[in-house]
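Beneath this line is the structure, given in structure tokens, with notes to follow.
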Amino acid sequence: MLSDLDISICLIAIAPFIAAIFAPVVQRFCAGMTGWVLSVVPLSIFVFLTSFIPEIAGGGFVYAGFDWVASYGLRFSFFIDGLSLTFGLLISGIGTFIVLYSGAYLEGHHHQGRFFAFILMFMGSMLGLVFADNMITLFAFWELTSITSFLLIGFDNVREASRRAAIQALVITGGGGLAMLAGLIMLQQLSGQWNISGLFQYAGVIAEQELYLPILLLILAGAFTKSAQFPFHFWLPNAMEAPTPVSAFLHSATMVKAGVYLLARFNPILGGTVEWGVILSIFGGVTLLWGATMALKQTDLKQMLAQTTVASLGLLVMLLGIGNEAAIIAVVLYLVAHACYKGAMFMVAGSVDHATGTREITALGGLGRIMPFTLAAAIIGVAGMAGAPLTVAFFAKEEMYAALLHDGLSGLLAQPQDLLAIAVILVGNALMMGVGLAILIKVFFGTLKPTPVQPHEGSLSLWAGALVLGVLAVFTGVAIGWTEQYLITPVASPIHNLLVNGQLYLDLTLFTKPQFYVSVLTWVLGVVVFWQIDEIRTRLRAFSRVLNWSFDALFDWLMFGLVRLSDALTRFWHHGRLELYLLVVFVGFAAAVIIPLVWENALPPMPELTALPFYEWSILLIAAIGLVAVLIARTRLVAIVSLGIQGFAVALIFLLFGAPDLSFTQFMVETLSVIILALVMTRLHLDQRDSRIFQDVFRDGGLAVICGVGVTVLMLAVLQNPLDMRLSDLFAATSVPLAHGHNIVNVILVDYRGLDTLGEISVVMTAGIAILALIRIRGGGPQTGAGAKKPDSRGNRTEKAA
Amino acid sequence: MKTVIFRTIAPVLVAIMVVFSVFVLLRGHNEPGGGFIGGLIAASAVALYGIAVGVEEVRKALRVDPLAIAGFGVLLSSLSGLVSIAYQVPFLTGLWTIFHFENTEIAVSSPMFFDIGVYFAVLGTLAAVALALEEDEDQK
């Protein structure tokens with residue numbers, strides 16, 4: 001039975017979906033206030049989640065859920081620990097501000113209600129993903145985030161660029177998700193556990209299995225595509241086609257972190273091996289450098305931020321690959337820091353865009369005086385990007401350097417891979433800092449430049465979120481005791497699978513640590529990058545012009561190739577000649593029936609003919625007359641009706657041998673097929689007569705005989721074996737007591753095999769829709785019926801004109 | 001096809017067929033019949049009526065698009081399976097309530113609604129196809 005706690009925890013993931021259904025209605029009644037009204041949903045989830053903090057910070061876990069497909073041991077289940085709670089708080093907290101922000105940012109947009117619905121659905125998927133315990137639950141929410149992200153990126157669906165970016169994101173993240181599903185299933189097959197929390201007991205054991213590497217690669221495929229790791233990184237910058245609130249929410253703070261979340265979640269189960277360390281460090285490192293470099297190339301504010309997001313994700317993956325205690329602490333701190341400052345920076349970029357009508361950094365300047373609150377948010381955001389002291393990002397940087405400096409400077413020099421790693425992180429951080437400084441200084445300081453819209457400070461809901469996130473980043477960076485107790489220990493411990501006690505320093509001991517001096521070096525390098533940014537950009541652009549190749553273009557080439565391949569295949573099989581279709585089908589059928597019988601040497605002996613009573617003979621005679629009539633019929637109509645005679649004779653046979661239901665149906669089907677065939681015939685404007693050349697008659701007749709003989713032989717072969725009556729007996733015995741029905745056929749249809757029937761009627765209806773579509777395309781548009789379009793292909797017009 | 005005799009007889013014939021189809025549908029659980037065959041009979045009735053009096057008339061008489069009837073049928077069947085949620089049993093579990101009225105027992109069950117859904121799905125789909133085909137013939 002469900003307890004209240006189970007229900008309320010499941011509601012964390014489900015409530016946003018319910019709210020999404022009502023969002024367009026709320027929009028209609030509240031108009032400008034919609035953002036404020038709807039933000040109650042994420043806010044209440046946030047408040048509810050904070051009630052778990054004391055328990056989780058004390059090292060506890062909360063489990064909830066209900067049985068889903070009990071026969072397969074599947075539960076719709078959730079569990080809360082430090083990691084998932086932090087993610088949940090970030091998602092619902094930032095989500096609250098994003099909903100508010102969207103209210104102002106998209107004010108007056110004619111599809112604003114739809115937008116709210118999408119963003120709430122996304123939030124629900126994301127919350128479900130991070131709290132999911134059951135791996136299938138996890139997968140379902142994982143794919144839901146891909147789908148909602150697709151809807152959000154393609155929100156502006158009249159622009160081709162949005163549609164392309166949306167499809168690209170869906171193909172890449174959805175494809176990765178399918179790979180992940182395979183990995184999760186293999187993991188379950190290996191351990192017998194569907195629950196992630198149940199897998200923790202196998203930490204270390206799974207790594208010794210033969211299937212470890214395939215599982216690892218498949219799960220990494222899911223995580224890497226979702227978190228935009230090189231070489232799947234390119235969808236993320238393209239996803240900036242989405243409205244800015246989406247970029248701030250999905251593509252910086254939450255969805256792209258899902259991959260990092262997955263890696264962190266599976267770190268105790270799959271991590272700690274050489275493969276894990278090498279793969280994550282290399283891919284993460286390349287992504288970090290690639291993203292940071294690409295960010296320098298951009299002049300669009302959102303593109304710059306998007307590329308640094310790619311870099312940050314690479315950094316997180318790399319740190320998970322390093323995987324020692326300090327690295328895990330760095331992951332935790334950097335996760336929070338990045339979610340805060342990058343979310344804030346995206347909102348700042350959106351506000352600037354909203355206020356001036358442009359996002360080109362070269363066209364902006366001196367906005368600080370006009371937009372003081374936005375400036376304040378931007379200063380804190382960039383402080384975070386730079387890892388300045390007094391922000392949590394500072395400690396994140398300290399810890400990531402400490403992770404590689406565990407044996408001091410001399411130890412580092414003895415380990416070339418550590419030296420390389422620290423150099424990569426240092427350069428990556430410095431480049432990102434340079435980009436941050438460029439955004440802050442070029443946009444907000446200097447002389448005011450003319451912009452498409454007269455610049456003005458945005459409303460409260462546009463800058464409040466960014467400011468609060470910034471304040472949070474500072475708070476966690478100053479109140480280090482609080483951060484240690486409530487952030488590092490509860491979050492890092494489940495990732496590391498050991499109790500982690502973070503120790504941060506914000507006093508003079510700082511200067512005794514070698515990592516502090518690496519941070520100083522980062523800042524120096526960052527300022528240099530900022531100082532030379534125009535020069536670097538020019539060079540990078542010249543270089544990429546020479547290279548003239550990108551992963552983006554490769555993706556297009558692959559997709560285009562796929563479309564062309566399927567087009568060629570379709571043309572090959574769908575040549576439009578009906579008689580060839582039928583020929584292929586029947587030849588295939590005859591081969592499928594006869595070849596196995598001959599191959600297996602299962603041809604039945606000639607059956608003994610029993611004496612038939614006269615009425616059975618007469619029915620056979622009727623059938624035979626029907627067939628002969630079909631063959632000698634002078635017009636097609638007569639042939640169709642004659643075929644009906646034969647069908648009725650078969651129905652009579654069913655009746656005689658005790659299958660009244662079957663016979664009944666056969667009668668109706670025969671009647672309707674005669675009617676429909678006759679109608680189709682008049683529609684196709686066929687000749688009255690069916691005239692074929694001799695070769696065709698020979699071919700078709702021969703094939704018909706072969707098929708007929710094949711079926712007959714098959715039936716006789718089936719009758720060689722005694723009928724297995726177990727099912728029939730079971731149905732006969734249970735149909736009245738269990739299903740209250742005397743007609744076993746009907747009971748089977750509607751009760752025992754109800755799911756099959758449900759599938760069948762769905763197919764029947766779908767086929768009906770397809771038939772209607774075919775009729776309408778050919779017929780030059782319907783006179784009645786909604787939703788049908790006039791044909792626009794030239795073939796139909798000319799046909800009509802002729 | 002529009003002979004006077006046919007056009008006069010058709011409405012009567014169609015009425016009988018529709019009533020018969022409902023009869024076949026409802027008795028299906030215990031005697032030969034059921035939703036599928038009932039739907040086929042009703043669809044033939046619609047097709048017949050279309051041939052007799054023209055598609056426009058039939059569409060007016062039906063009031064809703066035949067495909068909507070089919071959609072309603074599939075929906076009804078699915079919902080009859082979902083009732084089981086309330087009783088915490090698997091999807092599509094048959095649920096039965098038997099009322100006593102005078103001396104007869106009247107059984108109301110989820111399989112019955114399921115079968116009614118099948119009836120509408122088959123009726124709607126075939127009627128839609130048949131009417132669309134007949135429509136073209138009218139235009140000629």
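The values are calculated or read from the model by the stated rules, or taken from the named source; none is laboratory data. On a predicted model such as this, the values are computed, not experimentally measured, just so you know. Because the Cβ atoms are built from the backbone with ideal geometry, glycine has one as well, and the counts that use them run over all protein chains shown. Only protein heavy atoms, including side chains, enter the accessible area calculation; ligands, DNA and RNA are left aside. Shrake-Rupley method; radii C 1.70, N 1.55, O 1.52, S 1.80 Å.
List of remarks:
- Any hit, the stretch A:583-593, residues being open to solvent by less than 100 Å² (accessible area, probe 1.4 Å) and at pLDDT below 80: no
- The set of residues in the stretch B:74-97 being open to solvent by less than 30 Å² (accessible area, probe 1.4 Å), in contact with a Leu (Cβ under 7 Å, 6 or more places away or on another chain), at the interface with chain A (Cβ under 7 Å from one of its Cβ atoms) and outside any loop (DSSP other than H, G, I, E, B) consists of B:Ser77, B:Gly81.
- Close pairs from the stretch A:199-223: first at pLDDT below 90, partner open to solvent by less than 10 Å² (accessible area, probe 1.4 Å) and of a type in the set (Phe, Trp, Tyr), Cβ under 7 Å, at least 6 apart: A:Ile206/A:Tyr212
- Unmet criterion (only one of (1) of a type in the set (Gly, Ala, Ser); (2) out of contact with any Ser or Thr (no Cβ under 8 Å at 6 or more places or on another chain); (3) surrounded by fewer than 24 Cβ atoms within 10 Å (Cβ to Cβ); (4) assigned to a helix (DSSP H, G or I)) for A:Ala430: (2)
- Within the stretch A:284-309, the set of residues being among the hydrophobic types (A, V, I, L, M, F, W, C), farther than 20 Å from A:Leu440 by Cβ and crowded, with 23+ Cβ neighbours inside 10 Å comprises A:Leu288 only.
- Across the stretch B:1-58, the qualifying residues are those that are within 11 Å of chain A (Cβ to nearest Cβ) and in a loop (DSSP other than H, G, I, E, B), and the one among them that is modelled with the highest pLDDT is B:Gly34.
- Pair list, Cβ < 9 Å and 6+ apart or interchain, from the stretch A:680-696 residues that are over 18 Å from A:Arg634 (Cβ atoms) to residues that are assigned to a helix (DSSP H, G or I) and open to solvent by 100 Å² or more (accessible area, probe 1.4 Å): A:Arg683/A:Arg778; A:Leu684/A:Arg778
- Residue among A:Arg545, A:Arg571, A:Arg541 that alone is surrounded by 12 or more Cβ atoms within 10 Å (Cβ to Cβ), of a type in the set (Lys, Arg), under 40 Å from the mean Cα position of the chain (by Cα) and part of a helix (DSSP H, G or I): A:Arg541
- Flag if B:Asp115 is open to solvent by 40 Å² or more (accessible area, probe 1.4 Å) and facing chain A (nearest Cβ under 7 Å): no
- Qualifying residue in the stretch B:59-68 (condition: small (Gly, Ala, Ser), surrounded by 17 or more Cβ atoms within 10 Å (Cβ to Cβ) and within 10 Å of another protein chain (Cβ to nearest Cβ)): no
- Index of the failed condition, A:Pro243 passing every other in (1) buried (at least 24 other Cβ atoms within 10 Å of the Cβ); (2) within 26 Å of A:Leu100 (Cα to Cα): (1)
- Meets criteria (surrounded by 14 or more Cβ atoms within 10 Å (Cβ to Cβ), in a helix (DSSP H, G or I), within 7 Å of chain A (Cβ to nearest Cβ) and touching a helix residue (DSSP H, G or I) at 6+ places or on another chain (Cβ under 6 Å)) for B:Leu123: no
- Scanning the stretch A:153-170 for residues that are surrounded by fewer than 18 Cβ atoms within 10 Å (Cβ to Cβ) and in contact with a Phe, Trp or Tyr (Cβ under 7 Å, 6 or more places away or on another chain) turns up nothing.
- Single unsatisfied condition, A:Ala767 versus (1) more than 23 Å from B:Gly117 (Cβ to Cβ); (2) modelled with pLDDT of 85 or more: (1)
- Residue within the stretch A:107-117 that is hydrophobic (A, V, I, L, M, F, W, C), within 26 Å of the chain's Cα centre (by Cα) and under 23 Å from A:Leu184 (Cα atoms) present: no
- Selection over the stretch A:69-103 of residues that are open to solvent by 10 Å² or more (accessible area, probe 1.4 Å), within 21 Å of A:Ala242 (Cα to Cα) and β-branched (Val, Ile, Thr) gives a count of 1.
- Filtered by the rule that a residue be part of a helix (DSSP H, G or I) and more than 32 Å from the chain's Cα centre (by Cα), the stretch A:468-485 gives A:Val471, A:Val474, A:Phe475, A:Thr476, A:Gly477, A:Val478, A:Ile480, A:Gly481, A:Trp482, A:Thr483, A:Glu484, A:Gln485.
- Within the stretch A:725-762, being in a helix (DSSP H, G or I), more than 7 Å from chain B (Cβ to nearest Cβ) and exposed (fewer than 13 other Cβ atoms within 10 Å of the Cβ) holds for A:Arg726, A:Leu727, A:Ser728, A:Asp729, A:Leu730, A:Ala732, A:Ala733, A:Pro737, A:Asp756, A:Gly759.
- Pairs, first more than 21 Å from A:Val669 (Cβ to Cβ) in the stretch A:755-778, second open to solvent by less than 50 Å² (accessible area, probe 1.4 Å), C-beta under 7 Å, six or more apart: A:Leu755/B:Leu92; A:Arg776/A:Pro782; A:Arg776/A:Ala788; A:Ile777/A:Pro791
- Answer residue from the stretch A:682-719, given it is assigned to a helix (DSSP H, G or I) and at the interface with chain B (Cβ under 10 Å from one of its Cβ atoms) and is surrounded by the fewest Cβ atoms within 10 Å (Cβ to Cβ) among those: A:Thr682
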